[in-house]
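Step one of this worksheet: look at the structure below.
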Amino acid sequence: MKLWQPVSPDIWQGRDDRAEASNALRLFQTVQQSPTFQPGREGIALLGFCCDAGVKRNQGRPGAAEGPDVLRAALANMASYGGHERLTDLGNITVEADALEAAQQALSEAVTTCQQAGMRTLVLGGGHETAWGHGKGVLDAFPNERVVIVNLDAHLDLRQASRATSGTPFRQLARYCEAQQRDFVYACLGASRAANTQALWDEAARLKVTVVEDLDFQHAASDAVSNLIQQADRLYLTLDLDVLPAGEMPAVSAQAALGVPARDLLRVIEPICRSGKLQAVDLVEFSPRFDREGQGAKLAARLAWQIAHWWA
């Protein structure tokens, strides 16, 4: 697999409590680690996308390329319950210099391979350019099914640009669906009116995007999610951590002045995870270099853990 690297075993370390009881386990003790890219027949494939080339192109603060392994380390010491042993770490896709498109294609191929083998995919970004590779991989794995994309994000990410950036993934996916003559079903929940220009709102209207603004999230997001679940054959959930308030999540390229608190996000994430239709999830834009005492890593890892727990 091009641009693929295994994860160092040193990443998955933690406290050993098995002297207390045989089921006093943590994720580092139950996660399956693969020295080669070999998807299984079921379970959740954990993939890292070590890339912030799209963030740089989008004039953002780089640092997300360092995110996947830091999040793994934060996950490692969290408790492991029944079903968590279905999590298999299949390594990282990396980017060489500014060769973003090649890395996105490698991610797309890895995701399609995992999905067609019977696995679901949990991808740790990376900037939100992750979504073009991940989303395309899911679409390619299920060409005759209705894939609904749910993006928890302060930004619509429908930018027009001469080349891919962290701000273009859903416009790229819309064009890909159009070329395949399939429906593009996309929702952005938590969008900030202050962080998106009128041109982006116009594009969202043209593409018939379901949008719930941050100010309306508490009373409107749950109904929107229920409707999206009903429409879907498969669901792809992408969580841009900059949807969270800056006070909760400092470690992102573009911090949210207002944002949507984690507890409110979890109220809509749970039914998506329990729907039986969730096929793919990613968490993106975590940048360890902007973290404060590991605060952002802990929250991002808890969100990833909770998703895996409800999903497993």
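Evaluation of Ala141 against the conditions (1) surrounded by fewer than 24 Cβ atoms within 10 Å (Cβ to Cβ); (2) touching an Asp or Glu at 6+ places or on another chain (Cβ under 9 Å); (3) within 17 Å of Tyr236 (Cα to Cα) shows that the sole unmet condition is (2). Apart from one condition, Tyr236 fits all of (1) assigned to a helix (DSSP H, G or I); (2) among the aromatic types (Phe, Trp, Tyr); (3) more than 19 Å from Val260 (Cα to Cα); the exception is (1).
Can Pro35 be described as touching a Cys at 6+ places or on another chain (Cβ under 8 Å) and either under 20 Å from Asp240 (Cα atoms) or touching a residue at least 24 places away in the same chain (Cβ under 8 Å) (or both)?
Numbers: touching a Cys at 6+ places or on another chain (Cβ under 8 Å): no; either under 20 Å from Asp240 (Cα atoms) or touching a residue at least 24 places away in the same chain (Cβ under 8 Å) (or both): yes.
Spelling it out, it is not the case that Pro35 is touching a Cys at 6+ places or on another chain (Cβ under 8 Å) and either under 20 Å from Asp240 (Cα atoms) or touching a residue at least 24 places away in the same chain (Cβ under 8 Å) (or both).
Residues in segment 58-95 that are open to solvent by 40 Å² or more (accessible area, probe 1.4 Å), touching a residue at least 60 places away in the same chain (Cβ under 8 Å) and part of a helix (DSSP H, G or I): Glu66, Asp69, Val70, Ala73, Arg86. Residue check: is Phe49 under 21 Å from the mean Cα position of the chain (by Cα), assigned to a loop (DSSP other than H, G, I, E, B) and in contact (Cβ under 8 Å) with a residue 12 or more places away in the chain? The answer is no for Phe49.
Taking segment 188-203 only, how many residues are of a type in the set (Gly, Ala, Ser) and surrounded by fewer than 21 Cβ atoms within 10 Å (Cβ to Cβ)? I'd like the intermediate steps shown before the answer.
In the first step, residues of segment 188-203 are kept if they are of a type in the set (Gly, Ala, Ser); the result is 190-192, 194-195, 199.
With the extra rule that they be surrounded by fewer than 21 Cβ atoms within 10 Å (Cβ to Cβ), the set shrinks to 194-195, 199.
Total meeting the criteria: 3.
Can you find a residue in segment 187-208 that is in contact with a Pro (Cβ under 9 Å, 6 or more places away or on another chain) and either free of Cβ contacts under 8 Å to residues at least 60 places away in the same chain or not hydrophobic (A, V, I, L, M, F, W, C) (or both)? Checking segment 187-208: not a single residue is in contact with a Pro (Cβ under 9 Å, 6 or more places away or on another chain) and either free of Cβ contacts under 8 Å to residues at least 60 places away in the same chain or not hydrophobic (A, V, I, L, M, F, W, C) (or both). Beta carbons closer than 9 Å, at least 6 apart along the sequence or on distinct chains, pair a first residue in segment 1-23 that is in contact (Cβ under 8 Å) with a residue 40 or more places away in the chain with a second that is open to solvent by 100 Å² or more (accessible area, probe 1.4 Å) and acidic (Asp, Glu) for Leu3/Glu96. Counting the residues of segment 96-118 that are surrounded by 24 or more Cβ atoms within 10 Å (Cβ to Cβ) and within 13 Å of Glu42 (Cα to Cα) gives 1.
Here are Arg159, Arg163, Arg171: which of them is of a type in the set (Lys, Arg), open to solvent by 30 Å² or more (accessible area, probe 1.4 Å) and not in a loop (DSSP other than H, G, I, E, B)? It would help to see each step written out before you state the result.
Details: Arg159 fails: not in a loop (DSSP other than H, G, I, E, B); Arg163 fails: not in a loop (DSSP other than H, G, I, E, B).
Arg171 is the lone residue from the list that is of a type in the set (Lys, Arg), open to solvent by 30 Å² or more (accessible area, probe 1.4 Å) and not in a loop (DSSP other than H, G, I, E, B).
The values are calculated or read from the model by the stated rules, or taken from the named source; none is laboratory data. Quick caveat: nothing in here was measured; it's all calculated off a predicted structure. Don't worry about glycine lacking a Cβ; one is built from the backbone with ideal geometry, like all the others, and counts go over all protein chains shown. For the accessible areas, the whole protein counts, side chains as well, though only heavy atoms, and no ligand, DNA or RNA atoms are used. Shrake-Rupley method; radii C 1.70, N 1.55, O 1.52, S 1.80 Å.
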